[in-house]
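The values are calculated or read from the model by the stated rules, or taken from the named source; none is laboratory data. These numbers come from a predicted model, not from an experiment. Counting neighbours? That spans all protein chains shown, and the Cβs are built from the backbone with ideal geometry, glycine included. To get the accessible areas, we keep the full protein, side chains included, count just its heavy atoms, and leave off ligands, DNA and RNA. Shrake-Rupley method; radii C 1.70, N 1.55, O 1.52, S 1.80 Å.
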Amino acid sequence: MSTNKQLKPSTICTCINLRRASQTITQFYDDLLRPSGLKVTQYSLLRHLQYFGALAMSELSQATRLERTTLIRNLKVLEKMGLICITAAQAPQANQVCITVSGSEALETARPYWEQAQERTKDLFTADEFLVLRGALRKIESLGS
């Protein structure tokens, strides 16, 4: 039986490689955003709320593609920080989530750090490579549709 010992089993698995890349890029953004007090997941949730306005919990879950339990866990932290408000409804999934003035201010504070992360990430690639990367990520996301 011939084996190629130069390749580790984990380096040929697309899923593992994407998970590693995801963890690395998340840590990279979190490190750059640290001075703002936000993590990239929090920044993203606040940006969605700023863009769409108040949303039902189910709508926000759909817009961010986060599972409900993950979303709730993240929203509780943001609510505790005073960056969002959650208005109760009869059905928990219909609870309205909105960004507060403090949340908008936190976004503005974090924006330059996020933009720096965006630029530094983009600088890893040529313009063509970056377009291919974005297209490849969209294709991978379509697997969940």
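Any chance you could run the full-extension gain for Glu79 through Asp31? It's 0.36 nm times the residue separation minus the Cα-Cα distance, nm to one decimal.
Value of the extension gain: 15.1 nm.
How large is Rg over Rh for segment 56-108, taking Rg from the Cα atoms and Rh as the Kirkwood inverse mean of 1/r across Cα pairs?
Reported Rg/Rh (Cα atoms, Kirkwood Rh): 0.96.
Between Ile84 and residues 5 or more places away or on another chain, which pairs have amide H atoms under 5 Å apart, with H built 1.01 Å from N, and which residues are they?
Those lying under 5 Å, H to H, from Ile84 are Glu79, Thr100.
I need the calculated FRET efficiency for the pair Thr109 and Arg19, taking r as the beta carbon distance and R₀ as 35 Å, to the nearest 0.05.
0.70
Count the lysine pairs in the chain whose Cα atoms lie under 29 Å apart, taking only pairs 8 or more positions apart in sequence or on different chains.
Lysine pairs satisfying the spacing and distance rule in the chain number 7.
Please give the per residue volume of the convex hull enclosing the alpha carbon atoms of the chain, rounded to a whole number of Å³.
Value for the chain: 158 Å³ per residue.
Using the Karplus curve 6.51 cos²θ - 1.76 cosθ + 1.60 with θ = phi - 60°, work out ³J(HN,Hα) for each residue of segment 62-74 in order, rounded to whole Hz, and write x for Gly and Pro.
Listing the rounded values in order: 5, 5, 8, 6, 9, 4, 4, 5, 5, 4, 4, 4, 5 Hz.
Expressed as a rounded percentage, what relative contact order does segment 24-145 have, with Cα pairs under 8 Å and six or more residues apart?
Relative contact order of segment 24-145: 28 percent.
Set the Förster radius R0 to 25 Å, insert the Cβ-Cβ distance between Leu131 and Val101 as r into 1/(1 + (r/R0)^6), and round the FRET efficiency to 0.05.
0.10
Using θ = phi - 60° and the Karplus relation 6.51 cos²θ - 1.76 cosθ + 1.60, list the HN-Hα couplings for segment 90-106 in order, rounded to whole Hz, with x at every Gly or Pro.
4, 9, x, 5, 9, 3, 8, 10, 9, 7, 8, 4, 4, x, 5, 5, 4
Would you mind working out the magnitude of the charge dipole of the chain relative to its Cα centre, with +1 at each Lys and Arg C-beta and -1 at each Asp and Glu C-beta, to the nearest 20 Debye?
560 debye
Can you send over the carbon and sulfur percentage of the accessible area for the chain, probe radius 1.4 Å, protein chains only?
Working: 5710 of 10230 Å².
Using a 1.4 Å probe with all protein chains present, the chain comes out at 56 percent carbon and sulfur.
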